[in-house]
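I have placed the structure first, in the form of C-alpha cells, so that the comments after it can refer back to it.
Here, each number is a calculation from the coordinates, and none is a lab measurement. Worth saying up front: this structure is predicted, and the values here are computed from it rather than measured. Neighbour counts are summed over all protein chains in view; Cβ atoms, including those assigned to glycine, are modelled from backbone coordinates with ideal geometry.
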Amino acid sequence: MKSIAKKMVSFLKAEDGPTAVEYAVMLALIVVVCIAAITTLGQNANSTFSFVGSAIKPPSAS
C-alpha cells in the first residue's frame, strides 16, 4: 500500500504534470475547432443537397 502512496507523491511532484495539462488544453481547443468546422461544413452540405434535390423534377407517369 505504501508503494501506491509513494507513486502518487512522486507523480504529484513530477514536473511532467504541467506539460500534460498543456496538452489537454491544446487537445480541447483542437476538438472545439473540429466540431465548429464539421458543423459549418454540414450546414453547407445540407443546403447544397436541398438545392439540388429541389431542382430535380420527378419523372412523369407514363
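For the reader, a short list of remarks on this structure follows.
- Nearest-ten-degree value, helix 2-13 long axis tilted from longest Cα axis of the chain: 70
- Space enclosed by the convex hull of the alpha-carbon atoms of the chain, per residue, Å³: 116
- Lys, Arg +1 and Asp, Glu -1 on Cβ, resulting dipole of the chain about Cα centre, debye, nearest 20: 280
- The calculated 222 nm mean residue ellipticity attributable to helices in the chain amounts to -30000 deg cm²/dmol, summing -39500 (n - 2.57) over DSSP H runs of n ≥ 4 and dividing by all residues.
- Principal-axis analysis of the Cα atoms of the chain puts helix 16-55 at an angle of about 10° to the longest axis.
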